[in-house]
Every structure is written in structure tokens, then in C-alpha cells.
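The values are calculated or read from the model by the stated rules, or taken from the named source; none is laboratory data. Predicted, not measured: the structure shown is a model, and the values here were computed from it. Because the Cβ atoms are built from the backbone with ideal geometry, glycine has one as well, and the counts that use them run over all protein chains shown.
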Amino acid sequence: MNHAIMGRGEASAALRVGARALALAFSLPLAGAAFAQETGTQHATWLDTITVTGTRTETSVMNNPASVSVVDREQIERQAPESIAELVRDVPGVEVVDASAPGMKRLRIRGESSHRVTILVDGQEITDHSDYGTPILVDPANVERIDVIRGPASVLYGAKAIGGVVNIITKRGAPRPIQLETGGSYYSGTRGWQGWAAVSGTVGDFDYRLSGSADRHHDREVPNGRYTQDGRLDGSSYRDSDVALHLGYTFGQNRNHYLALKAEQHILSTDSWTDPDYLQDPIRDFRIELPKRDLRKAGLYYDAKDLSPVVRKIHVDAYRQTVDRLFENRVEVQPTSFMNVKNTATSDDRNLNYGGTAQIDLALHPDHYTIAGVQYLMDDLDTSKNSITTTYRTVPFPTTTVKVSPTQTRASIQTASVFAQDEWSFARDFKLTAGLRYYHVRSTLDETTSAALADQDDGTTNRLVKSLGLTWSGLRHTTLRALYSEGYTMPTLAQMYSDTTAGSGNLTRANPGLKPETSQNYELGARYQNAGVVLDAALFYTQAKDYIGTAPCASTGTCPAGYAASDRTYINTDRADTHGVELAAEYTLPGTGFTPYVSGAWMQRELKYAAYSTRNSGVPAFSGRAGVRYDTALYGADVWADLFVRAATPIKETTLDGAAFTTERLPGWGTLNLAFGGTHGKDRKIQVGVQFNNILDKEYRSSLNTLPGTGRSVEVTLRTTF
């Protein structure tokens, strides 16, 4: 364990080392480009993709000041993803986690936990208000594309975006009057299946889409070893279903106005796996069940373009969403030979959130493009908890004690903010992008059974966050960029107002006095594309503070009257410094359909607590994917194949439990995989994809917050369009 705290000199040295690595990574493809210049031809790549997510304006990835990645429709349709999270797992710096619940996959970005990542669906925020973060529960077959911002983006996308932003854009109506889509996937690793169907089209000025899907996954098959002796991972099954509706209307003399309604319902039930290493003295049994997590959402959208030479765009949206959750936790501990304690805790929650955004795009000057907007978001959490603790004692004589602790909490957070951003082309090939957002946040405890919190006053927080980005495209086929951005994450309603029962009967107490978590991020980047060579590289350094952790009330001195000294409570105490290099590169060999590629990240993250600091932060030093892709036309079909390796270095995570340090370890891992498929037909489109995963049947676990990986398995998917 490393107790040293990185100073400014060490941080500067790390940046210098990373800058040299970035320069080396940038120079290698340039050498390949020089060789390929005569025979290669420039073609569209992911850097040409136009995205709104990085700047809230239409900007190509190539010229974006932020670290932006796009997963487009073609990439989505080549896979058989069981979840949206699986579609972005190969974006550099992104990690998929599920916190032991296989049907509730979440994303970490640049080492930041999932509750510090903003999840958007068509630009509207999904909230969860749990310590685990927001699971991505959207039907993959209904997704047009996914945009990912890596790094803080609170100026543009709200008070949860310390780690980054994931914007999921769903499909609209097909261009024909009626189009039918259907498909299905089979997953041998879970003996699971997924099926979906949709009808969509455009009739006059109206477009529409109605889709539905369902899937069922059984316990996953994993290699025998550390986690199982029978090849099956108990508690890793789940099922869900999804129904989505889109209605759109184009109007106006120039057909430059668009009004849309989108609605969705997602139903999920999932088991939960328990790591056998966790079942050690005094813990005898530990089980979690999540029989319900149901999401219902409806949103309205209005967009207008080219209203005048000055007013270029107007966007307005509003939405309402509910998430109903049922959580059950059973724990049995034996603290002494003559005592046994069983605790059953249930939580029945409803999270309601609604809000909206209004934005106007202005061309006030030929060298400036300005946006301004307002946003409002209301989150309401209504939770009923019940804890039953049964204590058996044999000394001095057999006795049984039952303690029932029901609680009720209702609380809300209202977030109002105004934002502005200006893109200034101030010199040849230079563009400066500056943004500000001012937050006014009010938290309210409307109902509680906690005597310690009953007289709690409303809380108010104000915050100004900033960003500044610079791009330079003075070199041919190249864009260099620099970015400063700030992150800002409010405490969850559960952390501020809802107590949680631990297995031993102790409590983790709410703390309404928590401050927001904040971060500052610095980036340098380079992008290049020419003659079949494509490169996107970034060097980053992020400082985060006021992280929310837990500590015993006896040591904090901040617990309200009525809390026991043995109770724990949430406090602002922790910090983190993270730096690293992210790289995505490929080179299409001239005159062939072969494209070698690599994507991944090198990262080091130091956590700083009140009593110690450590670089054993549960984040691998290196992680990524490398392979070779082949594309060709064969007998009238577009055929592709992809042979690749996913890999990561070992993981260590050090924590302080009382007076003792504990370090958990996971070995490095690598899997060999092969995917292939094809598309045939113009009007009657057929798509087939097959993927062989973990061909060498290696046991692995990508993080301490993730289930062990599936063993040797195959996924088969078929899509048809009529």
C-alpha cells in the first residue's frame, strides 16, 4: 500500500510523462500515414461523426474540445448486447459495473463511481438516488446512437457529471410509410434469449415508432475456480421487458419545426450474487433480492432551426419519470460463539422526477456562436423501510430478542440552473469555447420517522461551475485541443435523509448537512485522420474533493442528538487525484479490408482519506481492447469479421476498517474473442451476427464491483427489416 500523497510537483511530473506518451502515440500513426498517402483514400470515420452532446451544438468529434466518443447505429447493430452498458464498454476510460446485480449494469468513467456519471435519454436526465448510481435501463434495439463525454461536464449537463455523461439517443420513425423490424438473440453463457419487434414510418408530416422487447437470462456459466465449483454463478439471473413509443410532427413553411412525444416503460426483476470471499466470520449468510425496478417515462420535445440569421435554433423539452423499487436484504452474523443475529431489511421506494430544459442558439457575430438556457429538475424520493433483527443468545440461558424498526421518509431536491456558452473563432484555425452554469439547489425533508431529523430545516446550495476549451486545426488532417472543466455532484436524497440498516443491526445514518462533491479537470488531446489512419488521444488530470464516505459517529462528532456512538454516518472527507492517457486508433491497410485497431486507457487514481491515502483504488492501471477487423462485399452481402482481445492489469483496493488495513486483490485478465456477421438485401434487409466470447475459457473478474465474467460462450443475433 502506498501512503504517499501526490504533490503538485509529482502531478506535474506525471503530466510530463503522459505528454511524452501522448506525443509518441500521436507520431506512430503519422508514420503509417506517410507510407499510405499515395495509395490510401480518406473515408468517413468516427471522427467525422456530428455530435451535439460534447458542446450542445452540432460539432464533429474531430473538432470537439471535450473527450467525446460515439457508438453509432452500425456498431450497435453488429452486436447482440444484453444491455446499453455493454455497447460502450470499449470506450477508453469506461468500465461496466453491476454491484452484484446482473440486470442493473452501470458505468464508471475515469474511475469515478456510477452515481457521479450523468445518464441522459434523448438529453433528459435519469436519476436513481442510490449509492450505486443509475442503471441504464433502455432497450438496445430502440437506440440510434450513444454519445459519451469522458470527464466532468457539469456546465452543460447538470449536477451529477463529475465522471462524465452518457447520452442515449433513441430511434424515430422510418422514412417509409410503414416499416417492420424484428429480431432476436441467443446467449449460451446464460442460456438466455432476447427478442424485439417494432413498427415505424413516416406519413406526410407525421413519423412514428412503436417497439417492444423482452429477455430472460439464467445463472451465468463461468469457469470453475475461485467463485464456483460447478460452473454456474448462483444469483446471476434476471429478466426484463420494455415498451417504447415515439410520435413526431414536422411543420412550418420551411419544415424547420419539429414536435415529438416519447414514452417508455421498462420492467426489471433481478437476483443478486454474493462473493464467497464475503462469507467469512462473523458473516454466515448474505442475500439480496431485487424483485422490482420499474421505470415509466414520458417526454415532450420541440426543436426549431434557422429561424433567422441571428436565431439559429430553439430547443424546449419537458418530462416526467417514476422509478419503483423493491429491495430485500437478508444477513446472518455470529459475532460470538453464543450469539447469532439475523437481520431482514426491506426497502420499498418510489423516485419521481420531472423537469425540463429551454435553450436558444444565437449567431450574434460571424466569429461567435452562443447558446443560453435554463434547466429545472425536481427529484422526489418516498421510501418505506423495515428492519427486523432477531438475536439468539445461549448464555446465560437461551433467549430470543426481536427488534422491528420501520421507517418512512419523503424528501426532495429541486435544482434550477442557468447556463451559457460561447464558441469564438478568434484567429485562423483557433476556436475558444467558454461556458458557465449557475446552480441553485434546494433540498427538503417532507416526512420522516427519525426523531433526530424531524426538525431539520430546508437546505440551500448555490454554485457556479466553469469550463474553457481550445481547439487548433492548423496542421493538416489534425486537431489539437486543451480543456479545463469542472464537475459538481449533489449528495443523494438517501445520503441526506434516509437511514440504512447494516447486517449487524447497526445503522448508517443520514446526514442532511452534506456538501456537494466537486472536481477540476485538465486535458490535452490530439486527433488525426488521413489515408486510413485514425487517432484520438487524450491526456487528463482530475482533482476531486469532498467525496462522501462513512465514518462512526463516535469519531466524527457531527451526528445529531439521538444517534448512537456505534452508528455510522455519511461525511464529506475524501479526495481523489486521477491522471491518465486514453487512446483510440486504427489503420486501414491500403488495398485490403483489414483494419488493425486499439482502444484503451492507462490510469492511476489516488484516494485520500482523513487517516491515510492509497493508490490501491480498485482501478486497473491498463485496460482496453485490441484486434483486427475485416470488411468486404461477398455475393451481394456486406460481410465483416473481428478478432480481438480484451484485457486489464491486476486490481488492488485498500480500505481502513477500524484500526486495520484490508487490501482486496484481483488478478489481471485477458479474453480472446471472435465476432463475424453480414448484411444482405436492400429493401428486405437481413443482418446476422455471431460472437464467440472468452474462447480460451479464462476465469476473470474485471472489478470488485462486477460479477465474474462469463466463460466460453457464443452469442447469435438476427435482425430483419421489411
Practice item. Collect the residues in the range 319-337 that are hydroxyl-bearing (Ser, Thr, Tyr) and within 29 Å of the chain's Cα centre (by Cα), keeping them in residue-number order. Key: Tyr319, Thr322
Point to revise | Any pair with Cβ under 7 angstrom, 6 or more apart, that starts in the range 579-595 at a residue that is farther than 30 Å from Glu112 by Cα and ends at one that is among the charged types (D, E, K, R) | key: Gly593/Asp631; Thr595/Glu586; Thr595/Arg629
Practice item. Report the residue count in the range 191-226 for those that are under 18 Å from Glu699 (Cα atoms) and either loosely packed, with under 15 Cβ neighbours inside 10 Å or under 26 Å from the mean Cα position of the chain (by Cα) (or both). Key: 6
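Any residue at all in the range 416-437 that's out of contact with any Cys (no Cβ under 9 Å at 6 or more places or on another chain) and more than 30 Å from Ala482 (Cα to Cα)?
no
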**Study point:** Residues being out of contact with any Phe, Trp or Tyr (no Cβ under 7 Å at 6 or more places or on another chain), loosely packed, with under 15 Cβ neighbours inside 10 Å and farther than 17 Å from Ile314 by Cβ - total across the range 340-375
**Key:** 2
Check your understanding: If a residue has to be hydrophobic (A, V, I, L, M, F, W, C) and in contact (Cβ under 8 Å) with a residue 60 or more places away in the chain to count, how many in the range 385-433 make the cut?
Key -> 3
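So that you can scan it fast, the table gives a plain yes or no per residue for (1) in contact with a helix residue (DSSP H, G or I) (Cβ under 7 Å, 6 or more places away or on another chain); (2) closer than 25 Å to Gln359 by Cα; (3) assigned to a strand (DSSP E or B); (4) basic (Lys, Arg):
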| residue | (1), (2), (3), (4) |
| --- | --- |
| Arg239 | no, no, yes, yes |
| Ala244 | yes, no, yes, no |
| Leu247 | no, yes, yes, no |
| Tyr258 | no, yes, yes, no |
| Leu268 | no, no, yes, no |
| Asp281 | no, no, no, no |
| Arg287 | no, no, yes, yes |
| Leu295 | no, no, yes, no |
Review point. Do any strands (runs of 3 or more DSSP E) lying entirely in the range 630-705 carry at least 2 residues that are of a type outside the set (Asp, Glu) and exposed (fewer than 14 other Cβ atoms within 10 Å of the Cβ), and which ones are they?
Key: 660-666
Check your understanding: Of the residues that make up the range 326-334, is at least one assigned to a strand (DSSP E or B), modelled with pLDDT of 90 or more, charged (D, E, K, R) and on the phi < 0 side of the Ramachandran plot?
Key -> no
Check your understanding: When Asn572 is evaluated against the numbered criteria (1) at pLDDT below 95; (2) farther than 30 Å from Met490 by Cβ; (3) of a type outside the set (Lys, Arg), which criterion, by number, is the only one it fails?
Key -> (2)
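Looking at the structure I just gave you, is Leu707 farther than 30 Å from Gly636 by Cβ, in contact with an Asp or Glu (Cβ under 8 Å, 6 or more places away or on another chain) and of a type in the set (A, V, I, L, M, F, W, C)? Steps first, please.
Details: farther than 30 Å from Gly636 by Cβ: yes; in contact with an Asp or Glu (Cβ under 8 Å, 6 or more places away or on another chain): yes; of a type in the set (A, V, I, L, M, F, W, C): yes.
Criteria met by Leu707.
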Review point. Quick one: what pairs do we get from the range 521-535, first residue over 30 Å from Lys545 (Cα atoms), second hydrophobic (A, V, I, L, M, F, W, C) and part of a loop (DSSP other than H, G, I, E, B), C-beta under 8 Å, 6+ apart or different chains?
Key: Arg527/Val61; Arg527/Met62; Gln529/Met62; Gly532/Leu589
Check your understanding: Are any residues in the range 227-249 under 30 Å from Ser308 (Cα atoms) and crowded, with 16+ Cβ neighbours inside 10 Å, and if so, which ones?
Key -> His246, Leu247, Gly248
Study note, to complete from the structure: Going through the range 464-502 in order, the residues found to be of a type in the set (Phe, Trp, Tyr), at pLDDT below 95 and not in a helix (DSSP H, G or I) are Tyr488
Review point. With respect to Ser337, is the statement that it is under 30 Å from Gln321 (Cβ atoms), at pLDDT below 90 and not basic (Lys, Arg) true?
Key: no
Review point. How many of the residues in the range 661-686 are under 25 Å from the mean Cα position of the chain (by Cα) and within 30 Å of Leu180 (Cα to Cα)?
Key: 1
Check your understanding: What pairs come up if the first residue lies in the range 629-656 and is under 18 Å from Asn705 (Cα atoms), the second is among the acidic types (Asp, Glu), and their beta carbons are under 7 Å apart, counting only those six or more places apart or on different chains?
Key -> Glu653/Glu664
Exercise for review: Taking Glu74 as the residue in question, decide whether it is more than 21 Å from Glu517 (Cα to Cα) and of a type in the set (D, E, K, R).
Suggested key: yes
Revision key, fill the gap. The residue from Phe419, Phe426 that alone is in a strand (DSSP E or B), closer than 30 Å to Thr471 by Cβ, of a type outside the set (A, V, I, L, M) and over 31 Å from the mean Cα position of the chain (by Cα) is Phe426
